[in-house]
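Q: Quick one: the structure is below, and I'll ask about it shortly.
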Amino acid sequence: LWLLRLLGLTAGTSALAATLFAIHPINSEAVAYVSSRSELLASLGMFLFCGLALTCSTRWTHRLATVVAMGAALLSKSVAIVAPVLAIVGLASDAGVRAKVRSLLPVGSAVVAIVVVYLFAIRSLVTRAVVDSPVRDMVPQLATQTKALGYYIWLTVMPIRLSVEHQFLVSRDLDPTVAMGGAFLLSLVLVAWRAHPWRWGVAWWLICLLPTIVVPLIVLVNEHRLYAASVGGFAMIATAIQSQRSEGRPVAVILIAAYTIMLALLTVGRIDVWQSERSVWEDAATKAPASLKAQLRWADALAFKGDVELAEAAYLRALALRSHHPATRNNLGRMYLVQGRWDEAQTQFGLLLNVSPDNVSARMNLAQILFRQGRLDEARVQYEAVMAYGTTHGRAQLRIAQIGLRQDSPAAQVLRWLEQAEAAGETSVDLHVSRGIVLRRLGRGEAALAAYRAALAKAPASAHVWYNLGNLYVEQENRTEAVQAFTRAIECAAEDDVIRQSAIDRLRALK
């Protein structure tokens with residue numbers, strides 16, 4: 001409201017545009033989706049910067065606030081780099097622009113310096129995204145985004161199929177849809193050129209979307225990208241309504257009131273969709289049945305909640321869209337693994353590794369199945385292979401050490417694997433317990449005791465750790481501490497845990 005008033009719009013037009021901005025469901029994603037908070041912060045910084053720039057005060061505090069707003073917007077999200085252009089467009093619509101430009105020279109110099117430093121800092125990212133390894137070539141990018149601009153307008157006017165994942169395809173060349181979208185945008189620009197508020201609104205809308213038009217991104221369209229841009233669109237809508245002749249204004253007032261109420265109701269319904277991971281991706285999968293991402297995310301959410309049958313069906317739908325998608329096969333196999341359906345899990349991991357042998361996650365999961373089945377030599381082969389393809393942060397080295405413990409490999413060799421696991425980043429309780437066991441075999445009792453204590457610091461209620469510690473105390477002939485350790489193991493273990501019965505037997509023997 002403050003910004004639009006500074007741009008010269010009437011109080012009624014500004015209030016109507018601000019109301020549409022506040023209640024329109026197209027902006028609900030930016031507010032409800034926590035990952036879009038950068039969009040809110042960047043937009044806030046852009047609005048503040050443009051408003052302060054249009055005020056053109058000569059006070060140093062005002063100028064400092066203008067520069068800080070620009071810096072904060074850029075630090076929130078890169079798209080805020082268009083804020084100076086937005087301010088120039090706003091200033092150009094003012095009759096006293098020359099005097100204002102002179103008063104803004106110190107601020108302008110500081111802003112230019114900030115933008116130059118920012119571009120220098122992200123130069124490698126920009127070069128990689130646009131020149132070296134773009135997601136798609138520039139011709140398909142421009143064709144797709146031309147079509148997307150028309151799609152955004154449709155979503156703004158009729159926001160009835162909003163989704164976190166739209167079923168939107170890349171246009172490789174100038175197909176009829178792209179041509180129609182381009183013609184529509186051109187007509188909008190030509191109509192807007194006749195009136196100042198419309199001209200400013202179209203310019204604001206296009207400038208805000210310019211970074212996502214030029215820079216190829218993996219996601220083709222997103223509703224939260226419209227958050228800042230929608231100010232220009234709503235200003236145009238409000239201006240068109242306010243420009244009605246007096247005899248038609250009552251009808252326009254009734255229509256806009258009904259439209260506003262409808263938008264508010266749609267927003268309330270849309271916010272309900274964002275209540276959980278499951279609800280938002282179920283909505284997306286329903287609206288975009290051909291979207292692999294929507295089906296996969298819905299399946300993941302269902303699996304996380306334990307809805308195995310629905311999750312399995314969703315994973316299979318995703319595989320029907322792309323049979324060799326790594327994440328889908330791996331996640332489906334992982335769900336089977338958690339359920340104990342090892343043969344089905346092994347099938348999924350095997351199919352994936354046939355196509356992508358360097359998939360670290362799938363190979364680790366396959367090795368885990370072999371490890372649990374007691375097929376230790378086969379598991380070791382997989383763990384050794386996975387280290388050639390990528391890092392496991394020490395998990396593979398730890399498993400090889402545990403296999404060595406089960407196969408009574410030389411203790412010094414097992415200890416070397418444990419040291420490699422720790423050096424690679426492994427810090428789990430299993431690492432400390434395995435270290436304690438191998439140090440006991442080497443006769444280094446005090447070092448083993450330190451390892452078990454490190455494990456207890458991470459898992460003070462672990463029956464496994466207390467049981468092994470009790471065995472160490474027995475070897476050290478420390479009967480009192482052994483009794484306490486076995487007692488704690490019994491207290492921490494589940495009723496059907498084999499460790500509990502073993503600890504009871506050990507405690508009975510000590511007494």
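The values are calculated or read from the model by the stated rules, or taken from the named source; none is laboratory data. Owing to the predicted nature of the structure, the values given are computational and were not obtained by experimental measurement. For neighbour counting, all protein chains shown are included, and Cβ atoms are generated from backbone atoms with ideal geometry for every residue, glycine included. Please note that ligands, DNA and RNA were not included when accessible areas were found on the heavy atoms of the full protein model with its side chains. Shrake-Rupley method; radii C 1.70, N 1.55, O 1.52, S 1.80 Å.
Q: Sort out which residues of segment 388-411 are of a type outside the set (D, E, K, R) and farther than 11 Å from ALA421 by Cβ, and write them in order of number.
A: Selection gives ALA388, TYR389, GLY390, THR391, ILE403, GLY404, LEU405, GLN407, SER409, PRO410, ALA411.
Q: Can you confirm whether ALA30 is without any contact (Cβ under 8 Å) to a residue 60 or more places away in the chain and not hydroxyl-bearing (Ser, Thr, Tyr)?
A: So ALA30 fails the test.
Q: Taking interchain pairs and intrachain pairs at least six residues apart, which have beta carbon atoms under 7 angstrom, with the first residue in segment 65-80 and open to solvent by 20 Å² or more (accessible area, probe 1.4 Å) and the second of a type in the set (Gly, Ala, Ser)?
A: Once the first residue is open to solvent by 20 Å² or more (accessible area, probe 1.4 Å) and sits in segment 65-80, its partners that are of a type in the set (Gly, Ala, Ser) give VAL67/ALA110; ALA72/GLY45; SER76/SER38; SER76/ALA42; SER76/GLY45; LYS77/SER38; LYS77/ALA42; VAL79/ALA42.
Q: Specify which of the listed residues (ARG270, ARG278, ARG297) is in contact (Cβ under 8 Å) with a residue 24 or more places away in the chain, assigned to a helix (DSSP H, G or I) and within 30 Å of THR13 (Cβ to Cβ).
A: ARG270
Q: Just a yes or no: is a residue in segment 265-281 farther than 30 Å from ALA313 by Cβ, open to solvent by 70 Å² or more (accessible area, probe 1.4 Å), modelled with pLDDT of 90 or more and over 21 Å from the mean Cα position of the chain (by Cα)?
A: Yes, because at least one residue in segment 265-281 is farther than 30 Å from ALA313 by Cβ, open to solvent by 70 Å² or more (accessible area, probe 1.4 Å), modelled with pLDDT of 90 or more and over 21 Å from the mean Cα position of the chain (by Cα).
Q: Grab the helices (runs of 4 or more DSSP H) fully contained in segment 130-241, keeping just those with 3 or more residues being of a type outside the set (A, V, I, L, M), open to solvent by less than 20 Å² (accessible area, probe 1.4 Å) and out of contact with any Gly (no Cβ under 8 Å at 6 or more places or on another chain).
A: By residue number, 138-157.
Q: Could you list all residues from segment 371-392 that are aromatic (Phe, Trp, Tyr) and crowded, with 19+ Cβ neighbours inside 10 Å?
A: PHE371, TYR383
Q: Is there a residue being among the acidic types (Asp, Glu), without any contact (Cβ under 8 Å) to a residue 60 or more places away in the chain and out of contact with any Pro (no Cβ under 9 Å at 6 or more places or on another chain) anywhere in segment 155-168?
A: Taking every residue of segment 155-168 in turn, none turns out to be among the acidic types (Asp, Glu), without any contact (Cβ under 8 Å) to a residue 60 or more places away in the chain and out of contact with any Pro (no Cβ under 9 Å at 6 or more places or on another chain).
Q: With respect to LEU255, determine if the residue is over 19 Å from ARG37 (Cα atoms), open to solvent by 30 Å² or more (accessible area, probe 1.4 Å) and either part of a helix (DSSP H, G or I) or touching a residue at least 12 places away in the same chain (Cβ under 8 Å) (or both).
A: So LEU255 passes the test.
Q: Which of the following residues is touching a Cys at 6+ places or on another chain (Cβ under 8 Å) and of a type outside the set (Phe, Trp, Tyr): GLY232, GLY306?
A: Of GLY232, GLY306, the one residue that is touching a Cys at 6+ places or on another chain (Cβ under 8 Å) and of a type outside the set (Phe, Trp, Tyr) is GLY232.
Q: Looking at the structure I just gave you, is ALA285 within 23 Å of SER28 (Cα to Cα), open to solvent by less than 70 Å² (accessible area, probe 1.4 Å), modelled with pLDDT of 90 or more and in a helix (DSSP H, G or I)?
A: yes
Q: Can you tell me which of (1) outside any loop (DSSP other than H, G, I, E, B); (2) more than 14 Å from ARG225 (Cβ to Cβ); (3) in contact with a helix residue (DSSP H, G or I) (Cβ under 6 Å, 6 or more places away or on another chain); (4) not hydrophobic (A, V, I, L, M, F, W, C) is the one SER43 doesn't meet?
A: With respect to (1) outside any loop (DSSP other than H, G, I, E, B); (2) more than 14 Å from ARG225 (Cβ to Cβ); (3) in contact with a helix residue (DSSP H, G or I) (Cβ under 6 Å, 6 or more places away or on another chain); (4) not hydrophobic (A, V, I, L, M, F, W, C), SER43 is out only on (2).
Q: Identify, from the list GLN402, GLN413, GLN368, the residue that is in a helix (DSSP H, G or I), touching a Phe, Trp or Tyr at 6+ places or on another chain (Cβ under 9 Å), of a type outside the set (A, V, I, L, M, F, W, C) and open to solvent by less than 80 Å² (accessible area, probe 1.4 Å).
A: Result: GLN402 is the single residue among GLN402, GLN413, GLN368 that is in a helix (DSSP H, G or I), touching a Phe, Trp or Tyr at 6+ places or on another chain (Cβ under 9 Å), of a type outside the set (A, V, I, L, M, F, W, C) and open to solvent by less than 80 Å² (accessible area, probe 1.4 Å).
Q: When the residues of segment 47-60 are narrowed to those that are in a helix (DSSP H, G or I) and open to solvent by 70 Å² or more (accessible area, probe 1.4 Å), which ends up nearest to PHE21 (Cα to Cα)?
A: This residue is LEU48.
Q: I'd like to verify a number: residues in segment 338-362 that are within 20 Å of TYR389 (Cα to Cα), in a helix (DSSP H, G or I) and open to solvent by 30 Å² or more (accessible area, probe 1.4 Å), how many?
A: Here the count works out to 6.
Q: Spot the failing condition for THR392; the list is (1) β-branched (Val, Ile, Thr); (2) part of a helix (DSSP H, G or I); (3) under 24 Å from ASN359 (Cα atoms), and only one is missed.
A: (2) is the only condition that THR392 fails.
Q: Shifting gears a bit: Which residue out of VAL115, VAL101, VAL107 is at pLDDT 90 or above and surrounded by 15 or more Cβ atoms within 10 Å (Cβ to Cβ)?
A: VAL115
Q: Could you please let me know if THR480 is farther than 27 Å from ALA396 by Cα and open to solvent by 40 Å² or more (accessible area, probe 1.4 Å)?
A: yes
Q: Looking only at segment 445-462, count every residue that is surrounded by fewer than 21 Cβ atoms within 10 Å (Cβ to Cβ) and part of a helix (DSSP H, G or I) and tell me the total.
A: Here the count works out to 10.
Q: Here is a follow-up. When segment 483-503 is examined, which residues are found to be more than 16 Å from LEU469 (Cβ to Cβ) and part of a helix (DSSP H, G or I)?
A: VAL498, GLN501
Q: Pick from MET335, MET262: which is part of a helix (DSSP H, G or I), surrounded by fewer than 15 Cβ atoms within 10 Å (Cβ to Cβ) and not β-branched (Val, Ile, Thr)?
A: Only one candidate qualifies: MET262.
Q: Something else: Being of a type in the set (Lys, Arg) and in contact (Cβ under 8 Å) with a residue 24 or more places away in the chain is the filter here; which residues of segment 187-238 pass it?
A: ARG199, ARG225
Q: May I pose another question? Mind checking which residues of segment 24-46 are open to solvent by 40 Å² or more (accessible area, probe 1.4 Å) and either under 17 Å from SER163 (Cα atoms) or more than 17 Å from the chain's Cα centre (by Cα) (or both)?
A: Passing the criteria: VAL31, TYR33, VAL34, SER35, LEU44.
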